[in-house]
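J.: Below are the structure tokens for one structure; questions will follow.
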Amino acid sequence: MLSNLKAQPADKILTLMAAYREDPRPAKVDLGVGVYKNAEGVTPVMRAVKEAERRLVETQESKSYVALAGDPAYADAMIGLILGESVARDSIAAVATPGGTGAVRQAFELIKIANPAAKVHVSNPTWPNHVSILKYVGIEAVPYRYFDTETRGVDFEGMLEDLGKAAEGDVVLLHGCCHNPTGANLNLTQWQKVVDLINEKKLLAMVDIAYQGFGDGLEEDAQAVRLVASSVANVLIAGSCSKNFGIYRERTGILMAISADAETPIVQQNLNFLNRQNYSFPPDHGARVVTTILTDPELRADWAAELEEVRLSMLGLREQLAEELRERSGSDRFGFIAQHRGMFSQIGTTPELVEKMRVDSAIYMVSDSRMNIAGLNDKSVPILAKAIVDAGV
Ligand code: LMR
């Protein structure tokens, strides 16, 4: 029976990771998967994470099951981090999930239960796994215009026009900050217009927030999701601790649901049910580390400070790369790199030129020309700039 299986489509980000590993060239540059690397090319364990883990090893007395929704203290801490005081705690249902991807998957399944006819409107482009999971769970993904390949900013008029065609009960999937893959983001005035449209058309808003703290700061990056959560009737939020706590492999995420027209306990019970069906109890270690950090003022301050260093180093690399490209190309056409925010920028070139840079200069970026800025350092910036200009981007 298993002989009926056919090969599944390859994930382009993970395929690139494997190709990079196999490349013997010493000067290769990995700008593929979204993982932060410091100047030495290492993805470090953050200081506060180390300390929280040390405390856990010393004090944790049991590894017994916790609860289907995960530890309530984790939900409280994450709701505080992402939503602040924007929404009353008792109107939020929340479950811990295996990473942000787990939250995205559970959100789509909840949508499927609540409204099997709903379509999910996704930015063009979006994180490829959004589209892949939607297809897998049997929900139609409808792209809306987002990235303007001329300006490398947001095609806001196009976005509103496309979302205006959504049907009542459909879902709009938005990136809370640091848009993946483009790095181009809405400003708050534009977010307000999107919220108005969502309300007018009676749509559900789903916000994926996986990079809080990587854009303009922890609080600044949460402003859009807080606006949506406090002003749209039905909201799903998929949050991730992978990047901002640097605990990628611990799989630590959260799904929140806020509804003005449903009873929170019923929504909560559905989220618990989905956890039970898919993996039963969510992973606990990463969640406990995060809770330890967020509830201890000293650890929290140290974590926020280290995260800020990471954010500023990425901004510095953006500036350096934009400047290096300005000099080498003799034009300002790469200025957008310094304007983009988050881990990624899409330089907006063809898969052929991306491949040319891989073959000629050992530069690994995703075929849609997304590059992970956090994969750069002082030494690789000039190599990349040269490769971009030499390839004729
Ligand atoms: C990425 O976009 O590179 C990250 O979100 C990692 C992943 O799972 O794809």
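J.: Considering only residues that are within 16 Å of the ligand (Cβ to nearest atom) and not polar (S, T, N, Q), look in segment 370-392 and name the one that is farthest from Val35 (Cα to Cα).
T.: Arg370
J.: Can you report the number of residues in segment 335-362 which are within 26 Å of Glu309 (Cβ to Cβ), outside any helix (DSSP H, G or I) and out of contact with any Pro (no Cβ under 6 Å at 6 or more places or on another chain)?
T.: Adding up the residues that qualify gives 7.
J.: Could I ask something else about it? Which pairs do you get when a residue that is free of Cβ contacts under 8 Å to residues at least 12 places away in the same chain, found in segment 81-106, comes within reach of a residue that is more than 16 Å from the ligand (Cβ to nearest atom), reach meaning Cβ atoms under 9 angstrom, with the pair 6+ apart or on two chains?
T.: Glu85/Arg226
J.: For segment 17-76, what are the residues that are within 23 Å of Leu294 (Cβ to Cβ), surrounded by 16 or more Cβ atoms within 10 Å (Cβ to Cβ) and acidic (Asp, Glu)?
T.: Glu51, Glu53, Asp71, Asp76
Conditions (1) under 29 Å from Leu274 (Cα atoms); (2) of a type in the set (A, V, I, L, M); (3) modelled with pLDDT of 95 or more, marked per residue:
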position	(1), (2), (3)
Lys6	yes, no, yes
Lys12	yes, no, no
Arg54	no, no, yes
Gly84	yes, no, yes
Gly100	yes, no, yes
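J.: If I filter segment 101-110 down to residues being out of contact with any Asp or Glu (no Cβ under 7 Å at 6 or more places or on another chain) and surrounded by 23 or more Cβ atoms within 10 Å (Cβ to Cβ), which single residue comes out as farthest from Ala205 (Cα to Cα)?
T.: The extreme case among them is Gly102.
J.: Yes or no: Arg251 under 29 Å from Arg318 (Cα atoms), within 15 Å of the ligand (Cβ to nearest atom) and among the basic types (Lys, Arg)?
T.: So Arg251 passes the test.
J.: Kindly indicate whether any position in segment 129-144 is aromatic (Phe, Trp, Tyr), over 17 Å from Ile237 (Cβ atoms) and either within 14 Å of the ligand (Cβ to nearest atom) or surrounded by fewer than 19 Cβ atoms within 10 Å (Cβ to Cβ) (or both).
T.: yes
J.: Could you tell me which residue of segment 229-243 is surrounded by the most Cβ atoms within 10 Å (Cβ to Cβ), considering only residues that are in contact with a helix residue (DSSP H, G or I) (Cβ under 6 Å, 6 or more places away or on another chain) and outside any strand (DSSP E or B)?
T.: The qualifying residue surrounded by the most Cβ atoms within 10 Å (Cβ to Cβ) is Cys241.
J.: Can you find even one residue in segment 31-46 that is modelled with pLDDT under 95, away from the ligand (no atom under 16 Å from the Cβ) and either part of a helix (DSSP H, G or I) or β-branched (Val, Ile, Thr) (or both)?
T.: The answer is yes, given that some residue of segment 31-46 is modelled with pLDDT under 95, away from the ligand (no atom under 16 Å from the Cβ) and either part of a helix (DSSP H, G or I) or β-branched (Val, Ile, Thr) (or both).
J.: What tally of residues in segment 1-30 results from selecting those that are part of a helix (DSSP H, G or I) and either within 13 Å of the ligand (Cβ to nearest atom) or within 23 Å of Arg358 (Cβ to Cβ) (or both)?
T.: Adding up the residues that qualify gives 11.
The values are calculated or read from the model by the stated rules, or taken from the named source; none is laboratory data. Computed from a predicted model, the values in this text were never measured in an experiment. In this analysis, Cβ positions are derived from the backbone assuming ideal geometry, glycine residues included, and neighbour counts consider all displayed protein chains.
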